[in-house]
Amino acid sequence: MNSKYNPLFEQVTLPNGMILKNKIMMAPMTHSSSNNNGTVSDAELAYYARRSGGASVVVTAVTYVSDNGKGFPGQFSITDDSFIPGLTKLADTIKEQGAKAVLQIFHGGRLCPPDAVGGDVVSASTIPSEKPGSPVPRELEDAEIVSIIEDFGEATRRAIEAGFDGVEIHGANGYLIQQFFSPHSNRREDRWGGDVQRRLSFPMAVIDSVQSAVQKHAKSPFIVGYRFSPEEPETPGLTMEESFVLMDALAEKNLDYIHVSLLDFWSKPRRGADDSKSRMEWLVERAQGKVPVIGVGLIHTPDEALAALGTGITMLALGRELIIEPDWVEKIESGNEEHIAVHLSKEDQERLVIPDPLWNMILGVPGWFPVLETGESK
Ligand SMILES: Cc1cc2nc3c(=O)[nH]c(=O)nc-3n(C[C@H](O)[C@H](O)[C@H](O)COP(=O)(O)O)c2cc1C
């Protein structure tokens, strides 16, 4: 291996004492390829088996914790103990290849397609998403909110019983946890809404529920991570200033990591911080080394990964790049980094073990993935 890449292969010790073999994580990516009844499919097991040999941590696609939280067709469920055997297969598949298996958990809130939740789309308030055609959600009652918080705890217990090494709480990308933190989607005046501190109540209660399940049920160190998106485009909407408040609160929660969800690692703030630094640099500075911080977004080559680590993040997550190049880590380790593919070809599906629904998503959204018309990926 070229020694300049050594920093990518330094071990990481998480606050819970767990040691990770390198600084690369597979980012959570929904593949819509689970069985229609919410169980884990053979196609998704094959997809993960192909991608779990290099990164130290594989974060799964997001699973839903409550029946009214299903956010996608072909999403897998953790709403009941009957799902544990399939989840066990998923955890085992990832761990057998040498990665820690972390399950991402969420509730989709107002972004759930109505037909996935029996027409009853719920959120913090009745404000629809700004995506065209979005339904007007029903405002959750206090008792329902408490029940969803308990569902996060139950999901964590099931993840532990299934043999996962941890869970990542999905507080990003506009789903229910973010809907409670956001001044756009949360217009409540009860204990779950109001100023920025009160809008933190739901995310903090979810973390407490997850951590108390860990304390009660885990027999060995178990990872609890939290993912958030730093800004929203809407007005009112989340700004960097509010994300600093969230970062401060998360840093006191004894989490094992905070994962900042960005499409572009180097993106600059829109509001609430000046653009002399990237969002990621602002957030790393704000964390003050109190908790590991993970970055992500449009990183393809090992040199780009080195530059990203230079911002002070603890680890780097790779999403689309590990779909395109499952052997990304292994190729660097064996000195073959010049053979890392950064484009997909339309002929690559079988070779790269990509399930049909994910493949159709990749080809169906122009510009989402760098796709070549012919030939092998390169
Ligand atoms: C197909 C696909 C599915 C995704 N699903 C999820 C998801 O389930 N949970 C999540 O937090 N982020 C999800 N993301 C966002 C990624 O985790 C990541 O933040 C984003 O793709 C940017 O990183 P990248 O440029 O390395 O792909 C998804 C991204 C893609 C491309």
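Quick notes on this one:
- Verdict on residue 39 being polar (S, T, N, Q), touching a strand residue (DSSP E or B) at 6+ places or on another chain (Cβ under 9 Å) and at pLDDT 95 or above: yes
- Between 266, 282, the distinction of being touching a residue at least 24 places away in the same chain (Cβ under 8 Å) and within 20 Å of residue 182 (Cβ to Cβ) belongs to 282 only.
- Residues of region 313-328 satisfying the condition of being in contact (Cβ under 8 Å) with a residue 60 or more places away in the chain, within 20 Å of the chain's Cα centre (by Cα) and away from the ligand (no atom under 11 Å from the Cβ): 314, 315, 326
- Top-ranked residue in region 1-27 [being over 18 Å from residue 308 (Cβ atoms) and either within 15 Å of the ligand (Cβ to nearest atom) or small (Gly, Ala, Ser) (or both); ranked as surrounded by the fewest Cβ atoms within 10 Å (Cβ to Cβ)]: 3
- Taking residues in region 188-205 that are within 17 Å of residue 252 (Cβ to Cβ), and partners anywhere that are β-branched (Val, Ile, Thr) and surrounded by fewer than 16 Cβ atoms within 10 Å (Cβ to Cβ), the pairs with Cβ atoms closer than 9 Å and at least 6 places apart or on different chains are 205/146.
- Filtered by the rule that a residue be buried (at least 20 other Cβ atoms within 10 Å of the Cβ) and among the hydrophobic types (A, V, I, L, M, F, W, C), region 30-59 gives 40, 55, 57, 58, 59.
Conditions (1) farther than 20 Å from residue 46 by Cα; (2) away from the ligand (no atom under 12 Å from the Cβ), marked per residue:
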| position | (1), (2) |
| --- | --- |
| 339 | yes, yes |
| 352 | no, yes |
| 355 | no, no |
| 359 | no, no |
| 367 | yes, no |
| 373 | yes, yes |
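- Residues that are assigned to a loop (DSSP other than H, G, I, E, B) and within 30 Å of residue 256 (Cα to Cα), drawn from region 101-139: 107, 108, 112, 124
- Residue 288 meets the conditions (1) under 21 Å from residue 240 (Cβ atoms); (2) more than 14 Å from the ligand (Cβ to nearest atom); (3) within 21 Å of the chain's Cα centre (by Cα) in every case but one. The failed one is (3).
- Qualifying positions in region 295-304 - surrounded by fewer than 23 Cβ atoms within 10 Å (Cβ to Cβ) and in contact (Cβ under 8 Å) with a residue 40 or more places away in the chain: 300, 301, 302
- Residue in region 153-161 that is away from the ligand (no atom under 16 Å from the Cβ) and of a type in the set (S, T, N, Q) present: yes
- Only listed residue being in contact with a Cys (Cβ under 6 Å, 6 or more places away or on another chain), under 23 Å from residue 320 (Cβ atoms) and modelled with pLDDT of 95 or more, chosen from 53, 71: 71
The values are calculated or read from the model by the stated rules, or taken from the named source; none is laboratory data. All figures in this text were calculated on a predicted structure; none of them were measured in a lab. FYI the Cβ positions are ideal-geometry reconstructions off the backbone, even for glycines, and counts take in every protein chain you see.
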